[in-house]
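**Student:** Take this structure first; my questions come after.
Nothing in this text is a laboratory measurement; each read-out follows from the coordinates by a stated rule. Source: prediction; values computed, not measured. Cβ placement follows ideal geometry from the backbone for every residue including glycine, while neighbour counts extend to all protein chains displayed.
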Amino acid sequence: MADSLLGLDGRTVLVIGAGPGIGSACAGVASRAGARVVALDFAQERATATARAITERGGEAVPYVANVLDDDQLRTAIGAVDEDFGGIDGVISVVGGSTWLPSLDLETSDFDHDYRLNLRYFFVPPRRLPGPRSPGTGVPRSPRSPRSTGSAAPRTTSATAPLRPA
């Protein structure tokens, strides 16, 4: 019933911020609605745990790793997802956090980090999505020709780990 309501059956959904909590829950709902989930998080263990939980329930999920505050990492990760799956049909962005200090104790660098983490990333990912834009929305459309890598190894854009699964 959920897949007919949400229309996600067989579609590729990128979940940005797929770590524990709301991100993992959103990834799970997308999977139960029939989506192929790409669990992207800044920490490999978080992305892998979400993808593993989905695959253990019989869904399809692959972990990717990128920091949303790094435009190059985000651009590379979104490009890799698009290439690996033949397009991205939907994006769920669940990223946020803050430095919990009294305002007068907060450093400007902490404020800037929190601002970028909570607001700027909404602006950047849609601009990185490939494909023609849907009329009147600015939201990219992508082809529906999924290609699975067949690997549960996390994809990463860090300098210390390979981007493509082995």
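**Student:** Would you please give the residues with an amide H less than 5 Å from that of I92, counting only those at least 5 places away or on a separate chain, with H modeled from the backbone geometry?
**Tutor:** L14, V15, I16
**Student:** Another question about this same structure. Tell me the net charge near A27. Cut-off is 12 Å between Cβ atoms, A27 excluded, with +1 for each Lys or Arg and -1 for each Asp or Glu. Mind showing how you got there, number by number?
**Tutor:** On the way: positive: R32, R36, R46, R52, R57; negative: D41, E60.
Cβ neighbours under 12 Å give a net charge of +3.
**Student:** Would you pull out the residues with amide H under 5 Å of R11's amide H, same chain only if 5 or more places away, H placed 1.01 Å from N?
**Tutor:** Answer set, sorted by chain and number: R36.
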